[in-house]
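First the structure, in the form of structure tokens, and then the observations on it.
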Amino acid sequence: MIKKRLIEILSEVWSEIYPEVNIKNSFVVKEPPKNIDADYASNICFQGSKIIKTSPIKVAEEFIKKLESSESKKIISKVFIAGPGFLNFVLNREVFCSEILRVFTLKKYFDLNIGDGQKVLIEFVSANPTGPLHIGHARGAAIGDSLARVLKKVGFAVDKEYYVNDAGNQIDVLGKSLEIRYKQLLGEKIDLPDGYYHGDYITDVAKKLLSLDKKDLGLDFRKIILDEMVLVIKNDLKKFNIEFDNWFFESSIFEKNVENQSKLDEAIEVLKSRNYIKNVDGAWWLMTNDFGDDDKNRVIIRNDGRPTYFATDIAYHKNKLDRGYDYLVDIWGADHHGYVARLKASIEYLGNNPGKIKIILYHLVSLLRGGEKVAMSTRSGEFISLEEVIEEVGSDATRFSLLMRDGNSPLDFDLELAKKKTNENPVYYVQYAHARINSILKNAKNEKINTDFSEINLDFLSQNLSEKEDLILMKAILNYADVLVLCAKEFSSHHITGYLLDLAGKFHNYYAKHKIVDKENQNLTRTRLFICELLRQVFKDALELLGISAPESM
RNA sequence: GCGUCUGUAGCUCAGUUGGAUAGAGCAACUGCCUUCUAAGCAGUGGGUCAGGAGUUCGAAUCUCUUCAGACGCGCCA
């Protein structure tokens, strides 16, 4: 981590000049704008001048004097002031070379272990099992799955879980919908009422039942359709390259244990014993208003004794924590944002630090067809299924376009556009770069060029870097670590797509400018192939975090 | 009415504790395949960062305000 080293050096120099002024964490080191010919730049002099009230330029001059007499010369070959007082640094090439060799030999992009083996449960999708997944579910699915991969990468022990709402009224209605379709197929004249599920997939299941030749109306339609829908959803997710570690059924919250207590009873008991619920008008209310963020108290047990959805959800989250997870991550559509405060309150009331739960909201996807909004409803059976979209657009392209955006931004997904531009989708730009590199390495191998790089050392590498672009590529490879750390910090993987597009652009540019395999110059060829190999690894690694394939040829 | 989020190029969107001349893809236009994959490269045009005020060396980014849009404010799930 070169940046980190540079920050340390600057901090040290600063404390030598102004020992009484603490500058720590108040300045940045980043890459300068394109027009400035330096590796890194820092605003430390602005931050410093703010504190000690002199001009940034004066601070900068002082700073450079001190820097040049320090040990840092081994790393920094040139420093200069630019603009209103930025410090720009040119580093010795050996610094980049040794860092890149370290990455290559350790096969790790950074030495931090952010997660430190802590257990994280990430719950996402959790769509009602009343029909196939549609494109609206896909965003949460892509975001959750990718975040799980990123968190795993930075050292968390991650489990992915799907919460199946199999206990509510909607499943009863779903079961009845199947029963009516089944009877219709048997020739009965019954209409399927409004408010029942009208999708064709119900009829398909009914037909399947008929073909089993069990014309028995005593069938458990509710269970049959529920099992069938869970299978359908699993299958949809599989096509989207997502597999869950665990499927948690809401109904299990109501199951009694040997002491005749359900998970729900246990949760209510805890809340009662801690005096966070009270009875008003025959109903039990959780005092979420006291927590601060929520604006009113919430009913958890109705006055007829039935629990609300919120009560079940509290019991579910209590169960997650009971299973020993250090952190819980929930991925929700932004339409549930009003629910965040009360859930956090309940976590605290159960006796846990509400910081243990992280709720990621993503804006809903508006589905358009040729600029026109498409209304979707699972009940009416009018929706575009995820399966259809994957078939038309492809899983890779769908995931990439959903992951390109920050979850906080609303997103329009135009089917016509997505279909039409299949070959112009940014994902192919990135995949193409990977395929090209792969092909170069393969060709080199066929030409009997040595593609084993384990013996490349610092001297060889720094002597054979010939073009400015070699260094640009190396720096870009080293930046991957920062991107991963940023994604883990922000719980968002959309920085990866941006990074990949940038990296692909840099490679395509390089490819057009320089011939990588040059038989006249073996050392140069070897150096460039080495950089290609590293690029290939980074592309593959990053694409995998997005759940997108890295094709060897296209 | 209250609350959360959003408003950046014709379109879809990036922009990392405030930083130097605000970026990418698509769309439009101009060049580049006898040479490791043209799903590519190079270049041109395109901007009141929704409007206004403030904070400071410096604002797309922070504060206030106006406008526009999405969503939420159940003893629904």
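The values are calculated or read from the model by the stated rules, or taken from the named source; none is laboratory data. Everything numeric here is computed off the predicted structure, so don't read it as measured data. Using ideal geometry, Cβ is built from the backbone for each residue, glycine included, and neighbour counts are taken over all protein chains shown.
Values as computed for the structure displayed
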item: Identity of the residue in the range A:150-177, surrounded by 17 or more Cβ atoms within 10 Å (Cβ to Cβ) and of a type in the set (Gly, Ala, Ser), that ends up nearest to RNA strand B (Cβ to nearest atom); result: A:Ala167
item: Residues of the range A:370-395 classified as part of a loop (DSSP other than H, G, I, E, B), under 24 Å from A:Gly195 (Cα atoms) and without any contact (Cβ under 8 Å) to a residue 40 or more places away in the chain, total; result: 1
item: Residue within the range A:512-519 that is away from RNA strand B (no atom under 11 Å from the Cβ) and modelled with pLDDT under 90 present; result: no
item: Residue count, the range A:539-554 (criterion: assigned to a helix (DSSP H, G or I) and over 13 Å from A:Asn438 (Cβ atoms)); result: 5
item: Residue match in the range A:64-77 (condition: within 23 Å of A:Arg93 (Cα to Cα), of a type in the set (S, T, N, Q) and touching a strand residue (DSSP E or B) at 6+ places or on another chain (Cβ under 7 Å)); result: yes
item: Some residue of the range A:115-126 being within 15 Å of RNA strand B (Cβ to nearest atom), out of contact with any helix residue (DSSP H, G or I) (no Cβ under 6 Å at 6 or more places or on another chain), at pLDDT below 95 and not in a loop (DSSP other than H, G, I, E, B); result: no
item: Residue satisfying all of: in the range A:22-39; more than 8 Å from RNA strand B (Cβ to nearest atom) and surrounded by 13 or more Cβ atoms within 10 Å (Cβ to Cβ); nearest to the chain's Cα centre (by Cα) among these; result: A:Asp39
item: Single residue of A:Phe254, A:Phe240, A:Phe221 found to be surrounded by 11 or more Cβ atoms within 10 Å (Cβ to Cβ), closer than 29 Å to A:Leu402 by Cβ and at pLDDT 90 or above; result: A:Phe240
item: Meets criteria (more than 35 Å from the chain's Cα centre (by Cα) and crowded, with 16+ Cβ neighbours inside 10 Å) for A:Pro56; result: yes
item: Pairs where the first residue, in the range A:16-41, is of a type in the set (S, T, N, Q) and the second is within 7 Å of RNA strand B (Cβ to nearest atom), C-beta under 9 Å, 6+ apart; result: A:Ser26/A:Gln47; A:Ser26/A:Lys50
item: Checklist (1) over 14 Å from A:Phe400 (Cβ atoms); (2) among the charged types (D, E, K, R); (3) within 26 Å of the chain's Cα centre (by Cα) applied to A:Glu544, failing item; result: (1)
item: Helices (runs of 4 or more DSSP H) enclosed by the range A:144-262 - at least 3 residues per element that are out of contact with any strand residue (DSSP E or B) (no Cβ under 7 Å at 6 or more places or on another chain) and more than 30 Å from A:Phe310 (Cα to Cα); result: A:169-185, A:200-211
item: Residue match in the range A:55-63 (condition: closer than 23 Å to A:Ser15 by Cβ and touching a strand residue (DSSP E or B) at 6+ places or on another chain (Cβ under 6 Å)); result: yes
item: Some residue of the range A:44-54 being more than 13 Å from RNA strand B (Cβ to nearest atom), at pLDDT 90 or above and touching a strand residue (DSSP E or B) at 6+ places or on another chain (Cβ under 9 Å); result: no
item: Search result, residues across the range A:322-344 that are within 14 Å of RNA strand B (Cβ to nearest atom) and either part of a strand (DSSP E or B) or in contact with a Leu (Cβ under 9 Å, 6 or more places away or on another chain) (or both); result: A:Asp330, A:Trp332, A:Gly333, A:Ala334, A:Asp335, A:His336, A:His337, A:Val340, A:Arg342
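Residue-wise test of (1) surrounded by 16 or more Cβ atoms within 10 Å (Cβ to Cβ); (2) without any contact (Cβ under 8 Å) to a residue 40 or more places away in the chain.
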| position | (1), (2) |
| --- | --- |
| A:Asn92 | yes, yes |
| A:Glu99 | yes, no |
| A:Arg102 | no, yes |
| A:Phe124 | yes, no |
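Let's see how each residue does on (1) exposed (fewer than 14 other Cβ atoms within 10 Å of the Cβ); (2) out of contact with any strand residue (DSSP E or B) (no Cβ under 7 Å at 6 or more places or on another chain):
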site: A:Val270; (1), (2): no, yes
site: A:Asp294; (1), (2): no, yes
site: A:Ile301; (1), (2): no, no
site: A:Gly324; (1), (2): yes, no
